[in-house]
Amino acid sequence: MTDHHHDHDHAHGHADEGSHSTLKGYATGFLLSVVLTAIPFWLVMGKVFANPQQTALVILAFAAVQMVVHMVYFLHMNAKVEGGWSMLAMIFTLVLVVITLSGSMWVMYHLNHNMMPTPVQQMRDMP
């Protein structure tokens, strides 16, 4: 019975499962996450950039990097896991999210631009 169990385990090799992280890998991911959270916090609290839009873009860039750190160090996603299907599913999801968010922002901008009867500044000056 033990031979059958051993053959069963051997038949399902673990080469396709991706990397199993160690304590060092989780600690590295945690430290990177803390740093990637602390820097945007400092940027906002220290008012490093005078332009709020520039601050927002830098924070979005840090957020994107932090998502990659989480996917690599905590979700163990790479091109080797499940023959690349999980990476393909992630790319497809990201494309859908980008299309949805950019389309929503485009629609909201144009609705605001085309539907506002008077500019907001003129509305503030009204009696």
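Where a number appears in this text, it was derived from the coordinates with a stated rule and is not lab data. All values derive from a computational prediction rather than experimental measurement. Glycine also receives a Cβ, built like all others from the backbone with ideal geometry; neighbour counts cover every protein chain displayed.
Quick notes on this one:
- A27-T55 pseudo-label distance in nm [points 7 Å out on the Cα-to-Cβ vector]: 3.5
- Length available on full extension from F92 to N112: 0.36 nm per residue minus the Cα-Cα distance, which gives 4.2 nm.
- Take the Cα of V48, go 7 Å toward its beta carbon, and the backbone nitrogen atoms of segment 68-82 under 20 Å from that spot belong to 68-70.
- For peptides 75-84, 101-110, sequence by mean Cβ density within 10 Å, most packed first: 75-84, 101-110
- Normalised size of segment 17-76, defined as Cα radius of gyration per 2.2 N^0.38 Å with N residues, equals 1.35.
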